[in-house]
Amino acid sequence: MKMTEQPFGQDYHLITLENGQGVTLSVTDLGARIVSLKADSTELVLGFDSAGEYLEKDPYIGASIGRTAGRIENGRFTLGEKNYQAAVDPATGHTLHGGSPGFETKKWSYVLLNGENEASVLFTTTSPDMEHGFPGTLDVEVRYTLTQDNIWRITTRGISDRETIFNPTNHVYFNLSGDVSQPVDQHELWVNSEKFAPLRSDSIPTGEQQEVAGTAFDFRETKKLATVFASDFEQKNLFDGVDHPFFLKEHRLDEPAACLTSPDKKVRIVLSTDASSVVIFTANFGKDTPVMHGKKLANHGGITFETQTAPGAEQYPGFGSIHLLPHVPFETTTEFKIETREDF
């Protein structure tokens, strides 16, 4: 495995891992984020060319997200008999992605780990007690690994000295066409999910788990995303696309949870995870999109697979638990297998 380091601007670093199959993974200590994932020189994810662009244009793209991914209604949660108030976005009154600035703008420490069959970058950071209102000093590790058999693996680990909540994710966006000016509407998607979480207009889950059957969000049979965008499904119309948690039927690393195929069918990403849900967001930005690699990002120019416990779990126990006991580590792993046509 080949590993290289180079400056990424503003005292941040870009680390690139390359395997023997022509797959490269580039990550940075700004937000412990993925910057690039290439197969046969085709770019598969959204990203910018410098640290400054992330800070200026969109700090969440590709970033590690925490302490809690998604939104917490009014920023309020309860642990035991104690109520907590997290920092909220003044525009919405809700907490987003653990408060701002969050994990996405931290400068993470890192070490490189190289082996014959895989190479990793291990990022670490500490979130101090009561940062953005969350109790506990939380030590976090995010390990990015590229294997010789074309798997990009993310393992996230957290341990706190006080009872707290923790629900991390990675905010990667895929566009398998290699052209950010092209929407993902011709991509084909399959998701092993029978239920999703409907949202209110302010993106807060209603608490329901709705069957996907009979809706535009039924991806149990592979279909083009264009069929979703063209639908008149109320939940799609609220957000001009998908921005929803999907509860996974299987959440084991040896079972696929989702599959995304490029329009030319030359590349496929197969997702597996031990997380119980995945938030799928189809970059519903409208005309307000940034320039990326010299091109203006299309509306619906990417799609995320944010593996996590479904947002809203702090108030809806049926969504799962994000409760972290003192000194008890939490760990979650997600794998993205990059397959080219000869692998299908």
Quick one: which residue in K224, K236 is farther than 19 Å from G320 by Cβ, crowded, with 20+ Cβ neighbours inside 10 Å and among the basic types (K, R)? K236
Can you pull out the residues in the range 1-38 that are under 14 Å from L113 (Cα atoms), assigned to a strand (DSSP E or B) and not aliphatic (A, V, I, L, M)? K2, T4, E5, T16, E18
Here is a list of conditions, (1) within 17 Å of K195 (Cα to Cα); (2) at pLDDT 95 or above; (3) among the acidic types (D, E), and E250 meets all of them except one; can you say which number that is? (2)
Scanning for something at pLDDT 95 or above, in a loop (DSSP other than H, G, I, E, B) and closer than 18 Å to A69 by Cβ, does the range 284-291 turn up at least one residue? yes
Please go through the range 85-132 and pick out each residue that is within 21 Å of D161 (Cβ to Cβ), of a type in the set (S, T, N, Q) and buried (at least 20 other Cβ atoms within 10 Å of the Cβ). T125, S127
For a quick check of your reading of the model, give me the residue pairs whose first member lies in the range 257-285 and is farther than 26 Å from T332 by Cα and open to solvent by 10 Å² or more (accessible area, probe 1.4 Å), whose second is in a loop (DSSP other than H, G, I, E, B) and at pLDDT below 95, with beta-carbon atoms closer than 8 Å and at least 6 apart or on different chains. K265/F344
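Determine whether T95 is modelled with pLDDT of 95 or more and either closer than 19 Å to G31 by Cβ or in contact with a His (Cβ under 7 Å, 6 or more places away or on another chain) (or both).
Taking the combined requirement at face value, the residue satisfies it.
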Restricting attention to the range 23-33, and to residues there that are of a type in the set (A, V, I, L, M) and farther than 16 Å from K57 by Cβ, which single residue is surrounded by the fewest Cβ atoms within 10 Å (Cβ to Cβ)? V23
Index of the failed condition, G80 passing every other in (1) under 25 Å from T206 (Cα atoms); (2) modelled with pLDDT of 95 or more: (2)
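The values are calculated or read from the model by the stated rules, or taken from the named source; none is laboratory data. These numbers were taken from a predicted model, which means no experiment stands behind them. Note: ideal-geometry Cβ built from the backbone for every residue, glycine included; neighbour counts use all protein chains shown. What goes into the accessible areas is simple: the full protein's heavy atoms, side chains included, and nothing from ligands, DNA or RNA. Shrake-Rupley method; radii C 1.70, N 1.55, O 1.52, S 1.80 Å.
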